[in-house]
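Data first, discussion second: the structure below is written as structure tokens.
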Amino acid sequence: MQETVQKLLVEGKGLLAADESTKTISNRFETLGLTSTPELNKKYREMLFTTQGIENYISGVILFDESVRQDLHKILESKGVVPGIKVDEGLESFNNTPEQITKGLETLDIRLKEYAEMGMRFAKWRGVFKITDMYPSKDFYDENLGRMAKYAKIAQENGIVPIVEPEVLLEGNHTTTRCSETLDSTLKILFEKLNSEGVDLKNLIVKTSMALPGPDSGVKALPLEVANATLRALKRSVPPEVPGVVFLSGGQTPDEATSNLNEIVKLKGDSPWVLTFSFSRALQNEAMETWTGKDENTAKAQQVFIKRLETVSKAAKGEL
Ligand code: 13P
């Protein structure tokens, strides 16, 4: 596991999240007038993974089950890019409240054993936390983060590095400060749960959202404010043994996510962790819109993709 962590957390490189569930990729394709099928999903992801030079900017890719069964991880392995797998099974309602809890623990051990045999070296489990006046609730924190910690333990027992992803959702009318405080509480409770499960923090990666104001607040935060609020939450709650914290883009535009990452890295000071990206939409949107399912657009889409990767990689070094 230590070797996997070292391979993933390399200066100037980050992760590509290409683990959209069947439903999510269908929604993304639909906005472009495309109908998702296993064949079309494969074609699209092959376009991304065969882009020349991705290994200069990406250390690992998070895959969805379908892609592994289509052998797409072999393209990544041939480039020295580490394949990983999303293993949560999405969301279900929590105690008849509007909160949505992550499921997938029941069959996790057996699935991880199969994935390990197929060459998956790390895994991802996502939980979502929506900010409103009433939520997240105490019971929800306990149950959702308790499940995430159990997942991390089972992953490590199978020699797979767990990425724990508590995502504080962008939607809402909250302030940047409220988001930062929610991030802080979420991560603090997560680490309590990880410690009580006996998870080895050195062989674990945290994936988190940035601290941003809700779009309904009418406020747009500058990168400096986002970076300060995000780092404040991380410094209060993420122990120094954790080797890396990677950021999701969470519905920000590619440019916003890139500028905010750049500022976070510039201001990181003596923070003990490697800080980098693990974006899905902010890396893929422009390439997907250029491709739109047509073979004749592949080369152009690959150019757009590598250009975004190059820029985000600079941001991961704070060099923009
Ligand atoms: P976004 O970067 O599009 O938020 O996706 C990252 C991710 O992995 C969500 O689980």
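Here, each number is a calculation from the coordinates, and none is a lab measurement. Not measured: the values here are computed from a predicted model. When we count neighbours, we look across all protein chains shown, and the Cβ atoms used for this are built from the backbone with ideal geometry, even at glycine.
Does region 47-54 contain at least one residue that is within 24 Å of T208 (Cβ to Cβ) and without any contact (Cβ under 8 Å) to a residue 40 or more places away in the chain? No, that holds for no residue. Determine whether region 298-314 contains at least one residue that is within 11 Å of the ligand (Cβ to nearest atom) and either over 26 Å from L183 (Cβ atoms) or in a loop (DSSP other than H, G, I, E, B) (or both). No, there is no match, as no residue in region 298-314 is within 11 Å of the ligand (Cβ to nearest atom) and either over 26 Å from L183 (Cβ atoms) or in a loop (DSSP other than H, G, I, E, B) (or both).
Screening region 158-168 for residues that are surrounded by 17 or more Cβ atoms within 10 Å (Cβ to Cβ) and not in a strand (DSSP E or B) and picking the one that is nearest to the ligand (Cβ to nearest atom) gives I160. Hey, any hits in region 169-192 for a residue that's acidic (D, E), buried (at least 24 other Cβ atoms within 10 Å of the Cβ), in contact (Cβ under 8 Å) with a residue 24 or more places away in the chain and within 16 Å of the ligand (Cβ to nearest atom)? Checking region 169-192: not a single residue is acidic (D, E), buried (at least 24 other Cβ atoms within 10 Å of the Cβ), in contact (Cβ under 8 Å) with a residue 24 or more places away in the chain and within 16 Å of the ligand (Cβ to nearest atom). Taking the criterion of being more than 8 Å from the ligand (Cβ to nearest atom), in a loop (DSSP other than H, G, I, E, B) and under 16 Å from L8 (Cα atoms), the residues of region 242-271 that qualify are V242, P243.
Using the structure shown, decide if E89 is of a type in the set (D, E) and over 17 Å from the mean Cα position of the chain (by Cα). No. When E55, E39 are screened for being in a helix (DSSP H, G or I), acidic (D, E) and exposed (fewer than 14 other Cβ atoms within 10 Å of the Cβ), only E39 passes. Residues of region 136-162 that are touching a Ser or Thr at 6+ places or on another chain (Cβ under 8 Å) and of a type in the set (S, T, Y): S137, Y141. Quick one: how many residues across region 104-137 are free of Cβ contacts under 8 Å to residues at least 40 places away in the same chain and either assigned to a loop (DSSP other than H, G, I, E, B) or crowded, with 16+ Cβ neighbours inside 10 Å (or both)? Total meeting the criteria: 6. Entry remark, region 99-130: residues being within 16 Å of the ligand (Cβ to nearest atom) and not basic (K, R) number 11 in total. Under the condition of being at negative phi, in contact (Cβ under 8 Å) with a residue 24 or more places away in the chain and among the β-branched types (V, I, T), the residues counted in region 276-320 number 5.
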